[in-house]
């Protein structure tokens with residue numbers, strides 16, 4: 001990291017301590033500014049993002065059972081956030097792995113741990129503020145039994161880290177986060193900022209600054225990006241701006257990955273906070289709009305199926321709810337979830353197939369079980385974002401290989 005690339009500004013400065021055992025240049029953040037002036041472009045973007053988020057919040061309160069939508073959205077967020085870190089899992093693999101009793105691939109397991117960590121954070125935040133202790137618990141869950149487990153799950157780092165390509169050194173790295181000695185004060189300030197009873201900024205600005213500072217402190221040896229992105233939904237729910245975790249910003253960050261990293265680095269190097277705020281607010285506006293559209297489509301599919309199911313004296317209505325949560329099923333999953341006998345589950349699946357709700361994917365996976373999926377439900381969940389039609393969705397058929 002070159003000191004001359006970084007200005008000495010309100011967000012931090014390049015530093016070096018020749019007498020320290022780690023005698024190389026690193027970035028020393030300052031406390032999060034509480035008195036930023038928001039320019040007209042940021043104010044306009046905030047207004048649009050805030051309106052979109054308000055509509056999403058309203059949708060979450062109006063839907064009869066929003067819990068049916070939470071699962072699909074958490075999976076999209078988990079998938080995108082882990083993809084940013086290099087995993088190659090697909091949405092279909094994630095859904096299908098939940099029905100299989102064998103250990104999933106390492107990539108899918110990382111997505112599953114992200115889901116578990118997210119759910120844990122939402123459970124804890126109902127009783128506790130967003131503290132360092134909570135973050136450590138969530139981090140431990142994130143890295144449990146996955147690649148990176150040796151990198152001290154549930155513990156803050158006690159050694160330096162640096163960010164660069166393969167073989168990077170502190171001298172050649174693009175960014176060297178603060179040394180461990182500085183982390184206690186920086187994390188204490190971050191915690192005060194997030195939990196302030198009289199916040200200095202609107203919720204979305206607070207979320208953007210919170211995320212920037214967390215990524216800059218980089219308090220863990222591994223998992224910093226995933227934890228930092230996970231906390232955005234948590235913070236917005238704390239502030240009452242979301243009733244349920246229906247916002248999945250990581251999808252936008254993944255699609256615009258180079259811009260995401262460049263905007264964060266721009267604050268460190270040049271103090272260019274406006275560019276980061278505009279990027280973050282655009283992500284909120286786009287993703288909130290997509291979540292609303294996707295929710296409406298998913299509800300229409302669900303209501304269409306319910307309309308058919310209600311006329312049949314069977315467990316079809318309960319199967320509909322099951323499909324909206326996970327559009328993939330096996331005989332065993334239907335047995336277990338709906339409390340049916342093996343024959344009852346098979347009869348129910350045949351009924352759904354005859355109505356065009358389910359399509360067989362053939363036998364696959366451990367034990368060569370037969371899998372079915374609901375194309376209408378899955379297509380809504382897996383459709384590409386409006387701003388990224390190049391995104392390749394999973395195309396499933398009975399001859400496709402496991403998970404693709």
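Here the peptides 214-226, 38-50, 301-313 are ranked by packing, the mean other Cβ count within 10 Å, and the order with the highest first is 214-226, 38-50, 301-313. Averaging over all projection directions, the Cα-based convex hull of the chain occupies 20.8 nm² in the image plane. Per residue, the convex hull spanned by the Cα atoms of the range 193-252 amounts to 84 cubic angstrom. A convex hull fitted to the Cα coordinates of the range 87-157 yields 94 cubic angstrom per residue.
Taking all Cα-Cα distances within the range 327-373, those exceeding 16 Å account for 33%.
The protection proxy used here, the mean number of other Cβ atoms lying within 10 Å of each residue, ranks peptides 117-124, 166-173, 256-263 as follows, highest first: 117-124, 256-263, 166-173.
Can you classify the range 228-330 as rounded, prolate or oblate using the Cα gyration tensor, where a ≥ b ≥ c are the square roots of its eigenvalues, rounded means a/c under 1.5, and otherwise it's prolate if a/b beats b/c and oblate if not? It is prolate, given that a/c is not under 1.5 and a/b is the larger ratio. Across all C-alpha atoms in the range 296-362, the radius of gyration and Dmax reach 11.2, 34 Å. For the range 103-220, the calculated P(r), taken from all Cα-Cα distances in 10 Å bins from zero up to the bin holding the longest distance, is 12, 35, 38, 14, 1 percent.
Coordinate-derived values only; no laboratory data. Everything quoted here is computed from the prediction, not taken from an experiment. So basically every Cβ, Gly included, is an ideal-geometry build from the backbone, and we count neighbours across all protein chains shown.
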